[in-house]
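Asker: Got a structure here, written out as structure tokens. Questions coming.
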Protein chains: 2
Amino acid sequence: MAVQTKTKAKTTTIGKYLLDRLHAHGVEHIFGLPGDYILRFDKLIEDHPIKLINATRENTAGYMADGYARLRGLGVACVTYGVGINITNAVSQAFVESSPLVVISGAAGIEEYQISPKLHHLYNGEGLERDNTQLEIFQKITVAQAVLDNPATAAQEIDRAIEACLEHKKPVYIEFPRDQVDATIPLPHPEPFQREASDPEALREVLREVQKILKNCNRPVIWVGHEIQRYGLADAVLRFAEKYHIPIVSSLLGKSTISEYHPLYVGLYQGELSREEVRDFVENCDCAILLGVNLNDVNTGIFSAVLEQENKIISTSSSTEINHHLYKEVLFSDFVGSLCGLELNICFRFDHPACIDRSFPDFAAKKGKKITASRVYECIQKHLKPEHIIVSDFGDCLFGSADLLVEQNSYLSNSYFAALGFGVPATIGAQFALPKKRVIGLVGDGAFQMTCMELSTAVRYNIDPVIILINNHGYATERPILEGEFNELVDWKYSEIPKVLQKGVGIHVETEDEFDKALAKAFSTRGEYFIIEVELDKTDYSPGLKRFCKLINIKGKSS
Amino acid sequence: MAVQTKTKAKTTTIGKYLLDRLHAHGVEHIFGLPGDYILRFDKLIEDHPIKLINATRENTAGYMADGYARLRGLGVACVTYGVGINITNAVSQAFVESSPLVVISGAAGIEEYQISPKLHHLYNGEGLERDNTQLEIFQKITVAQAVLDNPATAAQEIDRAIEACLEHKKPVYIEFPRDQVDATIPLPHPEPFQREASDPEALREVLREVQKILKNCNRPVIWVGHEIQRYGLADAVLRFAEKYHIPIVSSLLGKSTISEYHPLYVGLYQGELSREEVRDFVENCDCAILLGVNLNDVNTGIFSAVLEQENKIISTSSSTEINHHLYKEVLFSDFVGSLCGLELNICFRFDHPACIDRSFPDFAAKKGKKITASRVYECIQKHLKPEHIIVSDFGDCLFGSADLLVEQNSYLSNSYFAALGFGVPATIGAQFALPKKRVIGLVGDGAFQMTCMELSTAVRYNIDPVIILINNHGYATERPILEGEFNELVDWKYSEIPKVLQKGVGIHVETEDEFDKALAKAFSTRGEYFIIEVELDKTDYSPGLKRFCKLINIKGKSS
Ligand SMILES: Cc1ncc(C[n+]2csc(CCOP(=O)(O)OP(=O)(O)O)c2C)c(N)n1
Ligand SMILES: Cc1ncc(C[n+]2csc(CCOP(=O)(O)OP(=O)(O)O)c2C)c(N)n1
């Protein structure tokens, strides 16, 4: 970073201010791809403590930044105008699954427009003053947008966008005309942002209600969702749960918000997709406290979750509801943060299953025995250590890995928006985010074929995740819904990919002992990425996918 | 296809009607990827004469369909809801560069919404009746949209969308709720579509004007653009040009609209980016007739094209202008189609350069001599035959191949929107479109890294294009604009890719004779795809890119 002399210290540039603010919020890497409209900004990053991570394409840059954001609280992707639009997949997913992602897009300079708006990479039709197409598209999938076309307001706009990202834990869009990057502005002194606050009266009222409900119930359960993780409220939930001894279940998207080794943790609840003891337990409670749960088809086991408890307390980032009435003026974080402050003279001591008591068969690899889907996860479980983080793409690897027992904040999935191809790049992004951890990506062959070559970026920056590729020869997850030629895939020789990338280790396994050995080797070797391809039979499904098949056979194939 | 009994013949289903209409318009392949919201439609294609081509991901499916559309007049891509949104790159490009692409997206069934709109792959916020997000995004990049949620109007809606695609030569969007695919409808009898017509008075008036201008000028030139190709008006232009002996130049995006072997064809005109004799010729004409040219930065050599001819006749799909006045009520195709009907007693016989007279050095490979960028294209020229079609991605391969002499309709490029990654999939799509031709894809290493694995689809369906990979070790086109670490790429061993895909031939060449031999082999061998990687020095630019460097050094690096 250039040393600024005293006289210069009172000004900065818009580009530098943007970088400094991101850095102040903990961003150390920006994932992106160059292009002429963003080149000046890219150049600026070269001289800044933040490091630019060059992806091979924009969509995967977005997934890397998303993985990073979920673990670090803020992620940034940076693309050129127009042609970077394939990042919309990643941004849509971040939007729907609440990942705090800042998208910075270069744009044509303000002066260039005066010559003609008919510039390459632009969508412009006839007679447009400024091409707003991309901005309008991003308005649909981000919670705030800022176009930095005015030096007088640029700094404010930057802060507004970053704050919106942090407040809503959803993507924001910053469009940066290239002739504004180096524009000088007076050094701003950003004040702590004034976030919305809860109405104190309403907050007291809702807490009194909760108190009353809890006093009158016998078997409460907390159902925790991904928003608790995103808003950093897991500790608050735990203090509350521990104080009164309330068992906790988790949504799939929220998996690992609470350590699954915690004695109060019961398991994943997904209606009829749950393991039976979890489902029985939850459905026999008399008070359900839902914190940050998105009640979508995936989290509810295609709406088979039964919420028939006598009392329901449901709080999300958008509202807090007690039974049938709604508190609009109570903020999610204030509500959840206040729960452990309640003073009740009770302690719920009732029997509940605990996830740690589940029987995990001691995995002993049988030599030469063809490995099956269910044994894959037993073997992974055996090797899993606190330093590991699992990132699961959508596919049978999600159904399978959902049953793994994991530590707090050590499991990421795109289990709701479910855009295949997230796995490999998000794994790389996660490895950038937490270099001391070892990140394990779980991906099906279909998903792998979409984005595997992003491992090039792991090579470039010496990033060493472990990819476990579940090769069940096609789109397994779709077969139970409707079978056809379209579920087939070309069989690649996946373990040859390191030869193309000229780095990394590719291992192909078919038997239990081969997989066992491969995991042991990969987990004990740092400095290189691994692809471990596990070859399974076409219709060898994980126990989780089998439960799913059963459910859709009941529900009808269309849903 | 199921044989229909007589009594059944009076009805069809919405899904079948859609397929039948596409088929009637010449569509034989649909490029796509399955997903639960589109599975039923995919299944329907299995039983239809149209063939479903399974891509590895949606974005490349879009590029394949775009390549197909540019050659066949209509292309179709078919994706599932939400997660297929990365097709927006391909659709944006098709929109901007006028390619008639139909995008079909599956969607949640109407009944499902009644349970809850919180379905996977959807963007929905709270309280939405129906998720319109994707529709609203596609409204920005398509000329018509249809949601097939009403059996009473579905057939009409289908016809309206397809007609809009054919009329405007731009993408349209069809959203298909999955529970409507098999809905029975009375067999429609689609009538020939009533397209807009020119006002006959206005048409006569503009033609009289053109006649007057032509009578009074000495050196007219026709500048032909891509819209002439898209609207199938090349023959009309040629008849007009030949009748009065008017020389023709072409825009870059319109390259090969007219055979470059035609004696009236002068060359590509791009202002200061043109070869000097072309530029001198055009800028010394006294009447410029622009037909279907998009006057954007690329086609005009960053606005260096000088349009100072005494008279200007400019017709595009949006308007027809004579000097400073505009005819709104004259259709592009009527105007262009009428030009050869003009009766003038003149014939312009003035000297003009002709592209065929250019000196193309007889390429004789020097054994062991390291090949250079300019020699690459000389060697390709030597091997080029009428059966070849070139598809060029953006990058130096575009600057280089723009100088090749090609036959009519045998050169495709994404030279305006310029989304890297178009090359490989569009080449495959083009090979599907015209199986008897041999399609040659030209791609840089950066672009290749984005989408090369789509060659998997070539393997799957036995498609055998030839990919010439210009490996200049990084983002060459960006280096002259701004140099930095971000222009570097990981060096892959590209010729090993066929080992991963288990089919195809990979050849790595560094010398003239190696390249010469590789081309000879690839062009004479059908049944397998080839990757010919040509290794160049980092800063070894094609003559075209060198002209570009000179131009931006004059114009300033930002533009
Ligand atoms: C980008 C994208 N395209 C399409 C889909 C639809 N889809 C859902 S599951 C699935 C099959 C996944 O196959 P694979 O990754 O091999 O995992 P498997 O189900 O075989 O375990 C598909 C295509 C999707 N979720 N995302
Ligand atoms: C999807 C996309 N991302 C970024 C860009 C910006 N861009 C323009 S040229 C270029 C470099 C192209 O490199 P390569 O394909 O290797 O071709 P070369 O210029 O080296 O010949 C880039 C990154 C783009 N055009 N498209």
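Asker: Restricting attention to the stretch B:94-122, which residues are over 21 Å from residue B:146 (Cβ atoms), in a helix (DSSP H, G or I) and more than 8 Å from chain A (Cβ to nearest Cβ)?
Answerer: B:114
Asker: Still on this structure, I have one more. Quick check, is residue A:13 among the polar types (S, T, N, Q), in contact with a strand residue (DSSP E or B) (Cβ under 8 Å, 6 or more places away or on another chain), away from chain B (no Cβ under 14 Å) and touching a residue at least 40 places away in the same chain (Cβ under 8 Å)?
Answerer: Numbers: among the polar types (S, T, N, Q): yes; in contact with a strand residue (DSSP E or B) (Cβ under 8 Å, 6 or more places away or on another chain): yes; away from chain B (no Cβ under 14 Å): yes; touching a residue at least 40 places away in the same chain (Cβ under 8 Å): yes.
The answer is yes for residue A:13.
Asker: With more than 16 Å from ligand 1 (Cβ to nearest atom), at pLDDT 95 or above and in contact with a Gly (Cβ under 9 Å, 6 or more places away or on another chain) as the only criterion, which of A:458, A:522 stands out?
Answerer: Every option except A:458 fails the conditions.
Asker: Filter the stretch B:351-365 for residues that are surrounded by 13 or more Cβ atoms within 10 Å (Cβ to Cβ) and of a type outside the set (Gly, Ala, Ser) and give the result.
Answerer: B:352, B:353, B:355, B:356, B:358, B:360, B:363
Asker: Shifting gears a bit: Within the stretch B:24-58, which residues are in a helix (DSSP H, G or I), within 11 Å of chain A (Cβ to nearest Cβ) and hydrophobic (A, V, I, L, M, F, W, C)?
Answerer: Across the stretch B:24-58, the qualifying residues are B:39, B:41, B:44, B:45.
Asker: Given A:357, A:334, A:362, A:351, which one is among the acidic types (Asp, Glu) and at pLDDT 95 or above?
Answerer: Just one listed residue meets the conditions, A:334.
Asker: Among the numbered conditions (1) under 16 Å from residue B:13 (Cα atoms); (2) away from every other protein chain (no Cβ under 14 Å), tell me where residue B:192 comes up short.
Answerer: Among (1) under 16 Å from residue B:13 (Cα atoms); (2) away from every other protein chain (no Cβ under 14 Å), the lone unmet condition for residue B:192 is (1).
Asker: Here's something else I'd like to know. I want to confirm something. Restricting to the stretch A:337-348 and keeping residues that are modelled with pLDDT of 90 or more and not aliphatic (A, V, I, L, M), which single residue is farthest from the chain's Cα centre (by Cα)?
Answerer: So the residue we want is A:348.
Asker: A further question follows. Kindly provide the set of residues from the stretch A:59-86 that are within 16 Å of ligand 1 (Cβ to nearest atom) and facing chain B (nearest Cβ under 8 Å), ordered by number.
Answerer: Once the filter is applied, which keeps residues that are within 16 Å of ligand 1 (Cβ to nearest atom) and facing chain B (nearest Cβ under 8 Å), the stretch A:59-86 yields A:59, A:85, A:86.
Asker: When you check residue A:80 against the structure, is it out of contact with any strand residue (DSSP E or B) (no Cβ under 7 Å at 6 or more places or on another chain) and at pLDDT 95 or above, yes or no?
Answerer: So residue A:80 does not fit the description; no.
Asker: Can you tell me how many residues in the stretch B:411-438 are away from chain A (no Cβ under 14 Å) and either within 16 Å of ligand 1 (Cβ to nearest atom) or over 13 Å from the mean Cα position of the chain (by Cα) (or both)? Spell out the reasoning first.
Answerer: First, pick out the residues of the stretch B:411-438 that are away from chain A (no Cβ under 14 Å): B:411-412, B:426-427, B:429-438.
Applying the additional criterion that residues be either within 16 Å of ligand 1 (Cβ to nearest atom) or over 13 Å from the mean Cα position of the chain (by Cα) (or both) yields B:431-432, B:434-438.
So the count comes out to 7.
Asker: Looking only at the stretch B:207-244, filter to residues that are closer than 22 Å to residue B:275 by Cβ and part of a loop (DSSP other than H, G, I, E, B); which one of those is farthest from the chain's Cα centre (by Cα)?
Answerer: Only one residue fits best here, namely B:219.
Each row is one residue, and each column tells you yes or no for (1) within 24 Å of residue B:480 (Cα to Cα); (2) free of Cβ contacts under 8 Å to residues at least 40 places away in the same chain; (3) in the same structural domain as residue A:428 (by TED's automatic domain parsing); (4) within 16 Å of ligand 2 (Cβ to nearest atom).
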| site | (1), (2), (3), (4) |
| --- | --- |
| A:32 | yes, no, no, yes |
| A:58 | yes, yes, no, yes |
| A:62 | no, no, no, yes |
| A:75 | no, no, no, no |
| A:81 | yes, no, no, yes |
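Asker: Regarding residue A:531, is this residue within 16 Å of ligand 1 (Cβ to nearest atom) and in contact with a Ser or Thr (Cβ under 8 Å, 6 or more places away or on another chain)?
Answerer: Working: within 16 Å of ligand 1 (Cβ to nearest atom): yes; in contact with a Ser or Thr (Cβ under 8 Å, 6 or more places away or on another chain): yes.
Taking the combined requirement at face value, the residue satisfies it.
Asker: Still on this structure, I have one more. Filter the stretch B:251-287 down to residues that are out of contact with any His (no Cβ under 8 Å at 6 or more places or on another chain), over 26 Å from residue B:99 (Cα atoms) and not charged (D, E, K, R), then give me how many there are. First the steps, then the outcome.
Answerer: Start the filter on the stretch B:251-287 by keeping residues that are out of contact with any His (no Cβ under 8 Å at 6 or more places or on another chain), which leaves B:252, B:255-256, B:258-263, B:265, B:267-280, B:282-287.
Okay, now just the ones that are also over 26 Å from residue B:99 (Cα atoms), so B:263, B:272, B:275-280, B:282-287.
Narrowing the set further to residues that are not charged (D, E, K, R) leaves B:263, B:278, B:282, B:284-285, B:287.
Total satisfying the criteria: 6.
Asker: Out of (1) under 24 Å from residue B:534 (Cα atoms); (2) crowded, with 20+ Cβ neighbours inside 10 Å, the odd one out for residue B:332 is which?
Answerer: Among (1) under 24 Å from residue B:534 (Cα atoms); (2) crowded, with 20+ Cβ neighbours inside 10 Å, the lone unmet condition for residue B:332 is (1).
Asker: Within the stretch B:451-462, how many residues turn out to be surrounded by fewer than 22 Cβ atoms within 10 Å (Cβ to Cβ) and either among the aliphatic types (A, V, I, L, M) or closer than 30 Å to residue A:44 by Cα (or both)?
Answerer: 1
Asker: Related question: When you scan the stretch B:115-134, how many residues do you find that are buried (at least 18 other Cβ atoms within 10 Å of the Cβ) and closer than 30 Å to residue B:97 by Cβ? It would help to see each step written out before you state the result.
Answerer: Within the stretch B:115-134, the first condition is being buried (at least 18 other Cβ atoms within 10 Å of the Cβ), and the residues that meet it are B:117-124, B:131, B:133-134.
Those left that are additionally closer than 30 Å to residue B:97 by Cβ: B:121, B:123, B:131, B:133-134.
Matching residues across the stretch B:115-134 total 5.
Asker: Give me a count of the residues in the stretch B:261-295 that are outside any strand (DSSP E or B), touching a strand residue (DSSP E or B) at 6+ places or on another chain (Cβ under 8 Å) and not aromatic (Phe, Trp, Tyr).
Answerer: 12
Asker: Looking at the stretch A:546-559, is at least one residue outside any loop (DSSP other than H, G, I, E, B), away from every other protein chain (no Cβ under 11 Å) and either touching a Gly at 6+ places or on another chain (Cβ under 7 Å) or within 16 Å of ligand 2 (Cβ to nearest atom) (or both)?
Answerer: yes
Asker: Filter the stretch B:289-316 for residues that are of a type outside the set (Val, Ile, Thr) and surrounded by fewer than 19 Cβ atoms within 10 Å (Cβ to Cβ); which is farthest from the other protein chains (Cβ to nearest Cβ)?
Answerer: The extreme case among them is B:310.
Asker: I've got another one for you. Mind listing just one residue for me: the one in the stretch B:515-535 that is basic (Lys, Arg) and in a helix (DSSP H, G or I) and, of those, nearest to residue B:378 (Cα to Cα)?
Answerer: B:517
Asker: Restricting the stretch A:417-450 to residues that are within 22 Å of residue A:51 (Cα to Cα) and of a type in the set (A, V, I, L, M), which is surrounded by the fewest Cβ atoms within 10 Å (Cβ to Cβ)?
Answerer: Looking at residues that are within 22 Å of residue A:51 (Cα to Cα) and of a type in the set (A, V, I, L, M), I get A:434.
Asker: Here is a further query. Can you find a residue that is over 24 Å from residue A:83 (Cβ atoms), modelled with pLDDT of 95 or more and either more than 16 Å from ligand 1 (Cβ to nearest atom) or not assigned by TED's automatic domain parsing to the domain that holds residue B:523 (or both) anywhere in the stretch B:387-402? Outline the logic, then answer.
Answerer: If we filter the stretch B:387-402 for residues that are over 24 Å from residue A:83 (Cβ atoms), which is where we start, we get B:387-388.
Imposing the further condition that a residue be modelled with pLDDT of 95 or more reduces the set to B:387-388.
With the extra rule that they be either more than 16 Å from ligand 1 (Cβ to nearest atom) or not assigned by TED's automatic domain parsing to the domain that holds residue B:523 (or both), the set shrinks to B:387-388.
For the stretch B:387-402, residues over 24 Å from residue A:83 (Cβ atoms), modelled with pLDDT of 95 or more and either more than 16 Å from ligand 1 (Cβ to nearest atom) or not assigned by TED's automatic domain parsing to the domain that holds residue B:523 (or both): present.
Asker: What's the number of the only condition in (1) touching a residue at least 40 places away in the same chain (Cβ under 8 Å); (2) of a type in the set (Val, Ile, Thr); (3) surrounded by fewer than 24 Cβ atoms within 10 Å (Cβ to Cβ) that residue A:91 fails to meet?
Answerer: If we test residue A:91 against (1) touching a residue at least 40 places away in the same chain (Cβ under 8 Å); (2) of a type in the set (Val, Ile, Thr); (3) surrounded by fewer than 24 Cβ atoms within 10 Å (Cβ to Cβ), just (3) comes out false.
Asker: Of the residues that sit in the stretch A:472-499 and are away from every other protein chain (no Cβ under 11 Å) and surrounded by 21 or more Cβ atoms within 10 Å (Cβ to Cβ), which one is farthest from ligand 1 (Cβ to nearest atom)?
Answerer: Restricting to residues being away from every other protein chain (no Cβ under 11 Å) and surrounded by 21 or more Cβ atoms within 10 Å (Cβ to Cβ), the top hit is A:472.
Asker: Condition (residue is among the β-branched types (Val, Ile, Thr) and in a strand (DSSP E or B)) applied to the stretch A:327-335: is it met by at least one residue?
Answerer: No; the residues of the stretch A:327-335 include none that is among the β-branched types (Val, Ile, Thr) and in a strand (DSSP E or B).
The values are calculated or read from the model by the stated rules, or taken from the named source; none is laboratory data. Keep in mind that this is a model prediction, so the values were computed, not measured. Virtual Cβ from ideal backbone geometry, glycine too; neighbours counted across all protein chains shown.
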